[in-house]
Every structure is written in structure tokens, then in C-alpha cells.
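The values are calculated or read from the model by the stated rules, or taken from the named source; none is laboratory data. This structure is a prediction, so every number in the text was calculated from the model and none was measured. Quick reminder, even Gly has a Cβ in these numbers, built from the backbone with ideal geometry, and neighbours come from all protein chains shown. These area figures cover heavy atoms from the full protein model, side chains too; ligands, DNA and RNA do not enter into them. Shrake-Rupley method; radii C 1.70, N 1.55, O 1.52, S 1.80 Å.
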Amino acid sequence: MAIKTKLSLTIFLFFLLALLCSNLAIARKEKDPELTTCKDKCDLQGQYDEEDKRICMEKCEDYVRKKQERQKHKEHEKEEHEEEEENENPYVFENKDFETKIDTKDGRILILNKFHEKSKLLKNIENYGLAVLEIKANAFLSPHHYDSEAILFNIKGKGIIGLVAEDQTERFNLEEGDLIRVPAGTPTYLVNRDENEKLLIAAFHLPPSSGSAPVNLEPFFESGGRRPESVLSTFSSKVLQAALKSSERELETVLDEQQKGRIFKIAKEDVLSLAPKRSLWPFGGTFKGPFNIRNNNPAFSNQFGTLFEVGPSLEKTGLEGLNLMLTFANITKGSMSTIHYNTNANKIAFVVNGEGDFEMACPHMPSSSSNSKQKKSSISYHNINAKLKPGMVFVVPAGHPYVNIASKKNNLLILCFEVNAQRNKKLAFAGKKNIMSALDKTAKELAFDLAAQKVDKIFERKEELFFPYDEERKEERGRAFV
Amino acid sequence: MAIKTKLSLTIFLFFLLALLCSNLAIARKEKDPELTTCKDKCDLQGQYDEEDKRICMEKCEDYVRKKQERQKHKEHEKEEHEEEEENENPYVFENKDFETKIDTKDGRILILNKFHEKSKLLKNIENYGLAVLEIKANAFLSPHHYDSEAILFNIKGKGIIGLVAEDQTERFNLEEGDLIRVPAGTPTYLVNRDENEKLLIAAFHLPPSSGSAPVNLEPFFESGGRRPESVLSTFSSKVLQAALKSSERELETVLDEQQKGRIFKIAKEDVLSLAPKRSLWPFGGTFKGPFNIRNNNPAFSNQFGTLFEVGPSLEKTGLEGLNLMLTFANITKGSMSTIHYNTNANKIAFVVNGEGDFEMACPHMPSSSSNSKQKKSSISYHNINAKLKPGMVFVVPAGHPYVNIASKKNNLLILCFEVNAQRNKKLAFAGKKNIMSALDKTAKELAFDLAAQKVDKIFERKEELFFPYDEERKEERGRAFV
Amino acid sequence: MAIKTKLSLTIFLFFLLALLCSNLAIARKEKDPELTTCKDKCDLQGQYDEEDKRICMEKCEDYVRKKQERQKHKEHEKEEHEEEEENENPYVFENKDFETKIDTKDGRILILNKFHEKSKLLKNIENYGLAVLEIKANAFLSPHHYDSEAILFNIKGKGIIGLVAEDQTERFNLEEGDLIRVPAGTPTYLVNRDENEKLLIAAFHLPPSSGSAPVNLEPFFESGGRRPESVLSTFSSKVLQAALKSSERELETVLDEQQKGRIFKIAKEDVLSLAPKRSLWPFGGTFKGPFNIRNNNPAFSNQFGTLFEVGPSLEKTGLEGLNLMLTFANITKGSMSTIHYNTNANKIAFVVNGEGDFEMACPHMPSSSSNSKQKKSSISYHNINAKLKPGMVFVVPAGHPYVNIASKKNNLLILCFEVNAQRNKKLAFAGKKNIMSALDKTAKELAFDLAAQKVDKIFERKEELFFPYDEERKEERGRAFV
């Protein structure tokens, strides 16, 4: 019995020790070293008889087996987690991916920026940001400025924008389809001048000069007091009193009065008195007035879709010098865009209305891309896809072929901000003009190992850019082709 | 007694084990698992009587309590440390934040660069660097070049600069207020031509082209030998012998002779013989001569302060094509600048003389800014502030309102390098021209919820840009307002 | 004996525990705490006699000594490993450092990019990439596009390049020394039109606009089917059927037919039919034709070497607006370039032919460069060097002096891509024009503490840029000078 006690003590202590240390798991080798140690120990104990040793060894095996099972389970969990992260589509953003900057009962501001922190694959657009502004009927968004340049696009509703220059404020009406440039640092306010409809604005933010850092999208609110806080109230009382030549009491009046939040409903007569004086601004203000994306003829239009473009080559748009193009696509319900890519531009697309699908071909990025010593990578592509809904954002980098499809129920309306637009071309894989047909005969036959006419028959069709999606095919097969 | 021995052995071994393994501390849960294990063990020991068990369990509790205290202490220390880091103001740099590149009895070079490694908030200025050069009376800074473009500003003292072109050296006198551009890679030497006074120069370094990487501020010294080392002596002996067509002995003479360090005092006649030949250089040298920041009228001046500016729009300054503005502010003692911000420029400010205060409003950056899924951020601002002393540097990013205040004792002199200056404006919150008064009447009343006259009364005053700080107020309250 | 058993048990358990936990080694202090614990334990065991204690303590010492040896060994290994990493030369790339993108029996594509991930020291060239294309006799590289701008340089052999515009393909012959620009996104194919010789092309990739992210060098292959995969086959079957207005069967024909890989041999008549129609292209195509680097006189030539340059100031080269210079150096066998540096340009050099040496002086970068609080850094330089062989790449950042030496057996041919070339100068330390001689007399004497004539005698020589390396010296000493 004395021996048994020693045995149990020895084993107990070994297990205790193993339990506490096992997290460090030198282990992982096929033959667990702990098992060897444990068994050796059983063997070497002079006071053990054969039965003691057998029991001792069995307990060793049992312990190690259980330990290995625990480890396996942990590793499995870890792998699953990693897989999850890899499967995540970094090119598509839903409502939950936006950050809510302001959220009051009269409106809100959602933002999407610092793309490079979301995925390395978005480094091309790391410096840009997108804000979505929703302002309810007759509400007022208080004056504020950003440290970035912004292009505002009025998606829906009727707005007034006030831009503050050094000695006066310039006001403009914003109609659906209007875009307006807000230079960096300009104090700006917005009004929904409609009594019923919501005002919806997409604001694309750029760094004030090329080569700069990512935009912050932190608004500096000039007005307000303690809640909501004014940027002024941050300064110490003594500084404010000296700068404003005012007593503490006077300052408190100004800084405490405003209690209404950053977006709040205003009276109808206030809306009216904020209406731009049309006669004044067309001539020589500090700021450029709005430009409507429908002012020019569409860049392309057929029964399956229409595309409007405002780019860096157009004058008086406010986009001068920005290397940015705005496009607005209206894809007819049941239609699609051709499979195409931008040669130079990186596209940030905002779904304005309708539903549909997005598919993009993406060169496969192995996760261990950095340790690329003498690595032989086989080139393959994967299919990035998403069901599109209003308010979603998707990103199409230069060179990546993609397609948009409108549902059968509604037209699909997409607003795109295309950066690095200067020498951009859209090249299509199918339709009247396509790069497959543009290949010279011999190269075409070599590339496809097929007679040129056969290749052309596949890629050519009378339509350009927008095609019908569903109408002509009898059968529908949902399964992927490759 | 045998039992007691076993008890002590068991407990001893448990504690030993616990001691060695406790660093790994799976622990941290409320109910310490080690306590449970330890107590279970006491319970299970067949050979223990009740008294043994009680003692065993008490020792368990004692051990675990002490362990938890140790952990708490450690965590507390850690938290304090983290808090410290968070509280650290990333916009202000004191003497201790500079890196000492050279430090001899005759002078030194301090540098500040790689700002983005110091804080993400400084990403806007990540590519720039600032060096401060102190050269004692009649001392000589040996020829060297940088891989960055530099603008030197002569803060104090009388210098001579030698810039080496492909076949000759061009020399210029440097007076207080002179700025001169040193193109990337230009071998340069400096002389303090004064017999008594120290020469103090601020050198602002820019990457040689936009979009480049952060400047290194690693000087390449052409001359010198082994100590201080010449960049030449890095090459292998065989290469040097072939390139210089010289025997090993000849090379040793050249490379060993220089023993004086990188900055050293020189004879008065050497200083004289290095004086620029004035007649030669005004016409058509390789390099642009110095431009004095006081050559032009001040951009603004009143009894409370004066502001000099040299920007990209001025010709013959050497700043052409750099998108950089130099400003020099002299704030009268007891005065302040207005609360204002730069719309586009990021400002790196060097305190040349005097003491005073700096306050800046900064949008609050939550530390966990990256995991921003569906996060609702409330916008608030914090007050960045510092007591200014000569030699300190502070950074003011675009859009951030700030203020400078001179002490009652001395004028506060600040030299600023403003990058991204092209379309920059300074917008003020108070004074003759201010963005609050520039707001149109209705917007003003809505934003402040106050009659427009009341708002104007607060923000308007007859002075512009520089104001008195202390003089008119009777009472002084030190406590912060908000 | 009972005591001995207890002793052995105690010691055994202690060692077991120590063995398992020792990896965590709190240790490292001079006096090992485990030794103290172990010895204290020997001392405190009431049941031990003096002899037991002595044995116990000896075993303690023995155990701890062995443990320390093991640790030392481990640390030594670690240090060696770290040294290796530090010694690793981040400026030189051998064949094994390239990533193999394509490797078929008829050709291959190797790439080198994402330099900043390889070393922080390469941040200056982080956005660029280099691909090497080897295409065997009469082989065809299928049409593909990149999301980056490319400059192709035909190193060896006879090629045809096909560039696909929106509605036609333009073809050009490529001869040795030809460079041609391929705009971002342009579908491109290549043919080796020679029946015997390999075609070797270096392709330098740039982001499509300044300030963009690193180039991906992921090719998008337009043609091909499942293996090799076409970018088209990534799209879902339904999308392809609708976009191409084709049945699933038709699509399968197109996408499955091609089985030949991305580079494959083609028939002689196919090569002939791909020959450019010379009459067509000189006038007004979409793309600029090739420009031969030998079209212009060499920038410099003597019996020891020749340098060709094509830079941003030349017209009709295709490099317009790129801030890039291509140089081609032919260093005569047994000769060397002078020690020199580029003031602004960062150089990516590809060894085309011959063998030789590369040496570069580099400011010492302490590994702990980021925690630079009040750090006093002594400036010293280290020698970066490499044996050059064809296919190797080396990087020379702006400001870094370097030298190239051709072996006695073969001329050394180096193709260089120099980015940020706009205002670049090459400054030499030795030869007819050198910055040492260009120093004015007094500065020269001060810098070297030597008579000016002696300094000039060392640095001046009648040759410029290229010198003989070995011929004039009788003795050769292999050992480094400094």
C-alpha cells in the first residue's frame, strides 16, 4: 500500500505538472516526447512491481491521448477561423461595414475609409473615403469642415448647400444628379429644402494633394456648444476669452445655447430664407456651383442601359485637376453590363437603387504572399461576387474584369467614383467592340486554338456595353460553369 | 511524522511547480483554477488526516492569494504604462525626442524624422524630416550629402555655405533669416564665420520627388578617414586603389590624416579664405543663392505680432516646385494668434525664441480605430496643448484649429515649414475676418440658436490674426472652460 | 533506504518538472534562480543527512550546468541566425529571390516586386516591379494584361509584340536594345520570331499614376480555358452565356479547346503571319513603336566602358511623363566604373551578361531604429557587396556611392531602370570630373587635413566614368583596407 501511495503521488504529481505545462506543448511531433518521459519514469521507479508499471504506463498513454485530442480540437478551431477570414470578400461593403459618425432622429452620416486597414488588396484606394449623408425633411446639418477635399453627389431629394468663404457664405441648390466640389477646410452646411422627402448625398473624399495620407473623415464642427461639442469649446477658457474678447459669461451663452444636435429640423421660413439668391452666384463666387451629371449626353445608351460620365477632361464640373471621374449607370431591369475592365481607374461604386448581382475575376492571392522565395505560383482566378442592394459599396480595381446585372424587378442604379481616371479606357470582352475580336487573326487562333470565325462568333454581338440578361435563353442552369 | 513529511513534500513540490509555471498564468479568471487543483489535491490525498487537509488547503489559499497580488501589481504597472502612452502628445516634440546624429565639442546635429513611426496621426508628414544644426564659433562642418532635398534656414548667427557642383564649389554667406535650397545629393559644407556667436540652422528635408518614401537623414560624409569615417573608406582596398589609381600607402595617408571629427574649429584665416567671392556668384551659378524671409513685406503685421511668408508663388526663393511655404511669426510678448486653421497645409513649427503656449483642437481618435465594424462614434474633440520653449517642435495638421500665445516676458518666435501649401488658406474663428461672422444670418442663428448680432458680437473684433492676450481682462481664471 | 527513495523521488520530480518547464527559462541571470531553489530544497529536507544533502546539491549543480549549456547553445544558434538575417543583403537579388509566375517547357516569367515587404530599406522603390520573360524559339506568350504600366526592354533575341487596342491589334518587331511602353491594361502577346535563339525581355512595371500602390504583377490572361485558366472562365456560366449570347455547349468549346499552356511553341508559318505590316504602323497607331537604346550616341564611352541612356528629356522614346531613365552600361573586361552616386534617382539594375563585382557604401542602420528617444547614433558606413552573375538584380538608392567591376573574362553588361530621374546627376569620387577635386582649396585642405595638391593627386586622373581595374598594379592584396 505504501508503494501504491507513492505510485499515486508520483503519477499525480506528473499529471499536475503536465497539466500546468502542457499549454507550452513542445509536442506536435508524431511520437509525443511527454509519453516517452512518462513511460521512462514508470520504468525507472525501483519501488514499482510489474503491475504498478503497467498501470503507470497505461495512465501515461491515456493522459497523452487526451492531451493530443485537446490539441487537435484547438488547431481545428484555429483553421476554421482562418478559412473564414480568407473567404471574406474585401471588395464589397454592406451597411454594417460603415462607421456611423452621426446618428440623430433628423439624419445621419455614415463613413467608409481607411480601406488599406481593411485589406491589403485595397491599397490602391487607401487614401480615399466615402461618406453617405441622410438628412430628413427640412433638417439642417450644422457648419463643419474636413481636412480633405470632397465631391458631393446629390443622389435623391432637394438640398441647399452653404459654403463659407473668408468673408461670406455662398449657397447653391442641389438637385438630383448634381455634383459639387467642396475644397478642403471649407466650412459647409447642408439643408434639406423639401418638406417630405429625405435628402441623400454621397460624399467622396480625397486627400488635398496627391501623395498624401488617407483621409480622416473626422468632421470639425464650428458651431454647437458642449453637447454636441463645438471644436471651439475644446480651447481653454482663458484662450477663448482672450481670442473672442469676451467674458466667461458671454462665452457660456454662445457655447451653451445650442442643444439641438448636429442635424436638426428647422422651421419652413428658415429653409426659405436659406434659398440661394440666384442672381448673385453665377458670376465669380469663390466656389464652383453644382454640375449635373445629366447635363451632357450620356456616354452610352441603349435599351438595356445608360451611362453618364463626368471626367477630368470636361470643364466647369469642379473635377478639374483631380484625376477623378464620376459615372452614373442605369442598367435596365433584366439587363447586364458587358464583362469589361478599366485599364487605369480604380472604381468605388455605390448602389443607389435596385437590386442585382456583381461578379469580378480576381487573380488568386495566396495568403502567404510575402515569403515568396523561389515560389512557383500557378496563376488562377477566383470569382468575387455579391448580391447588390441599395446602400452597398463595391470596389473594382484597375485591370479586373467585372459585370453588373440588374434584377428582373428594378433597374439597377450605380454611382461610381473612379480614381486615377486620366488615361483610363473601358475594355470589353464581349459586344460590338471587344478585345477578343480586336486580336489579329493568327493570334486569335493561337490563343484559342480555334478558327477565328468561331471565336468571333462567340465574342461579337450587335449590342455594346449593356446587354439583355435573361430574355433569349430557354433553359437556366444555376450551377457554376467551371 | 512520516505523513507530515509526505505532506510537506507534496506541498513543496506543488509550490515549486506552481512557482516555475506560474509565469504562464492561464489564470486571470475570477476563481483561480490553480486554487481548485491545489485544494482537490489536498482532499484526495488518502494519507492525510483532517488537520493535514486543513493546513494543506490554507497553504493553497495563501499561495494563490499571493500569486494574485503579484499579478494585480503587474497588470497595474502595465495599465499605467499604457495610459502614459495614450496620454503622450504625438504633436509636440521636445529636445529629448530628437536623435543626436553628431555631437562634438564644436557642434552638433539633431534630427527628427520618420514621423509615421512615432504616431499614425502624423502620417500626413511621414515623408519629411527636420534637422537642427548647431555650429560653434569658427567651426567647420565637413562636406557631406543627403539623399533628400533640403531647405536650410539660418535662425541665428553668421554662416558660410559651400555647395559642390560637378566641377567647382559655390559659396554663399548665410545671414539671419536667410533660406537656401540644397538639391538632393549635393555635397555641402558649412562654416560659422563668426568668432563668438553660435550658428543655428534649421534644415527641412523633403523627398526628392513627391510620392517618395520618408527621408532618411543619414548624412554621407565624403571626407574624413577612419574616425570619423569617410563614406569612401567603406570600399575595399582593391577598389579604392584601382579607382584612385593610388598605392595602398598613398590612400592610407589620405584616409588616416583627418582626425578632427565631423565638426571642428578652424583658424581665422581659413574662415576668411572661405568667404564667398561676391562678384562671381550672382550670375549664373549652378545653385540658387540665399533668399531672406524679410526681403518681402510681412504678410501681416500689427502691434501684437508680425508674420513673414515665403511660398510657392514667389519667384527666386528656391522653393519653386516644392509645394512648401516657410513662415516666420513674431508674436509680441503678452499677445496671441487668433484661433485659426490651415485648409490644406500641414505645418511643422520650430520654436526659435521666447516661451509661450500652444493649444490645438483635435477630433478624438479612439485607440481601437481599426476594428470599426458598425461602430457608432460620437464626435468629440480634445485639447492638445504644450508649454513652448526654444528648440521645441509642434505639428499642426490641416483643418485643426490652433492658437499660439507668447509669454509676458518675451516675444515668441516661430519658424514654420508648411507642406502642401499650394491652395492653402488660413481661416480664423475670431477677428476682423472670421468664418463665424462669414456665415449667413439664418445659418448663424440656426447653428448657434442665438440672434445673429449676439454671435457677431462674440466673434468680431477690430484686430486681425494677432490679438492681445492678457491686458484687457481684469480677472484670470485658470480652470478650463469645458 | 526509504530516505534514499524519497531523495531520488524528490530529485527526479524536480528534474522532470525542470525539464518540462525549462523552455520557459525565466533564467538568463548570472546566478541561476533554479540553482538556488534546488539547493534550498536539498537543505530544507529534514529527512536528509549530510551525505544526502551533498549528493542532492551536486546533482543540482550538474543539472543547472547542463541546462545553461543547452541555453547557451540555443542562444548561440539564435544569434547566428539573427546575424544571418542582418548580414543578408537586401539590395541584391539572385535567381532564388524571384517568384516564378509561369514555367512551361517553352518559356517562363519570373518576377520581383513588393520590395518594401523584403526590407524597409527598399521603401523608395516599393511601388515598382521587374519581370523577366524568357520565351524559347518560335514560342508564343498568350494575350494577357496587367494593372500596371510596363516598359519592356529586349535584352536578347528577336521578338514580335502585339498590343491590342479597342478595335485592332498593333504589332511591332522587337530587336536587341529596343524598348517599348505597354500602357496599363493593354492586352499584349509576344512571339519569339527566331527559330533558334531564346528571346529575353526585362519588363519594368510602374503604377499607372504616381502616388499609387505597389504593382501587383498578376497577369490577367484573356484567352485559354480551364487549364491554363482564362480570366473569363472565372465568371459564372449564366453570366458568360448571357454576355456572350452563347449556349453552354458553345462556351465549353471555346473555353476547353486551349490546352497548350500560357507559353507554347507555334508553327513557322504562324510566326510569319504575325510579322508586323511595316507600312501601316509608323503613322498614327494607338501605341508608340519601339525605340532602340543605341539610336542615340552613347552618353559616355571610352576604352574601358560605354554608357547608353534614354531618359525623360528625350522625345519619341515612350518614356514621356514617366520620370524614368533607362541606361545600358557595357564595362570592358578587367575595367570598372568610378565610385559615384545618383543625386536623385533610385536604380534597379539587371545584370545582362558577364560577371563582376558590386560594392556600395551604405549608412549604418541600427536594427533598433524605431525606439530613437534621445539616442546618440554614431555615423558609420558598411560595405554592401556582391558577386554579379547574369540574371541578378541589385538596387542602388539615391545618394549611395557604388562601383561596378567587370571580371577579366567578360565584359559586364548592365541594364538599369532609374526611377525619379527628373533632376538626377551622377557625381563621381574619382576621375576627370570628381566632387573631391571640385571642393574649393581651403575646404579641401580642411576636410582632408592635407595639402590640396596631395588630395587632387589622389582623386584626379585623366579617365572619366570607366577606369581600368587591374592592369597597372603589380601587387594584389585581397584584404580589405579598413
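By a 1.4 Å probe calculation restricted to protein chains, C:Arg423 has an accessible surface near 120 Å², given to the nearest 10. Loop-located trypsin sites (Lys or Arg not before Pro) in region A:96-149 (DSSP state other than H, G, I, E, B) with a sparse environment of at most 12 neighbouring Cβ atoms within 10 Å: A:Lys105.
Extending 7 Å from Cα along the Cβ direction at C:Arg54 and again at B:Asp167 yields two label points whose distance is 9.1 nm. For trypsin sites (Lys or Arg not before Pro), the sites in region A:185-237 that DSSP calls loop and that have at most 16 other Cβ atoms within 10 Å are A:Lys198, A:Arg226.
The same position A:Lys408 in the other copies lies at 8.4, 8.4 nm from this copy, comparing label points 7 Å beyond Cα toward the beta-carbon, shortest first. When the C-alpha to C-alpha distance is required to be over 32 Å, the pairs from A:Lys105/A:Lys408; B:Lys245/C:Lys426; B:Lys101/B:Lys333; B:Lys245/C:Lys114 that qualify are A:Lys105/A:Lys408; B:Lys101/B:Lys333; B:Lys245/C:Lys114. If you sort A:Thr286, A:Thr169, A:Thr332 by accessible surface, 1.4 Å probe, largest first, the order is A:Thr286, A:Thr332, A:Thr169.
Report, as an integer, the average count of C-beta atoms from other chains found within 10 Å of each Cβ along A:423-436. Walk me through the numbers before you get to the answer.
Numbers: counts 7, 3, 7, 2, 8, 2, 8, 7, 3, 1, 3, 4, 11, 8.
If you average over the peptide's residues, the count of other-chain Cβ atoms is 5.
Only protein heavy atoms count here; under a 1.4 Å probe, C:Ile135 has an accessible surface of about 0 Å².
Take every residue in peptide A:109-116, count the Cβ atoms of other chains within 10 Å of its Cβ, and give the average of those counts. Working shown, then result.
Numbers: counts 1, 1, 2, 1, 1, 4, 0, 1.
For peptide A:109-116, the averaged partner shielding equals 1.
Just add up the charged neighbours of C:Glu195: K/R +1, D/E -1, any other residue whose Cβ is under 13 Å from the Cβ of C:Glu195. Once positives and negatives cancel, what remains is +2.
Descending by average beta-carbon neighbour count within 10 Å, the peptides A:380-393, A:436-449 line up as A:436-449, A:380-393, the highest first. With a 10 Å cut-off around each Cβ of A:338-348, the average count of Cβ atoms from other chains is 5.
Position C:Phe300: other-copy label points at 5.2, 5.2 nm, ordered by increasing distance, label point 7 Å along Cα→C-beta.
Using the Cβ-Cβ distance between A:Glu460 and A:Lys105 with R0 set to 51 Å, the FRET efficiency from 1/(1 + (r/R0)^6) comes to roughly 0.40. Label points for B:Lys123 are taken 7 Å from Cα along Cα→Cβ. From this copy to the others they lie 1.4, 1.4 nm apart, shortest first. From the square roots a ≥ b ≥ c of the eigenvalues of the alpha-carbon gyration tensor of region A:315-364, which class results: rounded (a/c under 1.5), prolate (a/b over b/c), or oblate? The shape class here is oblate.
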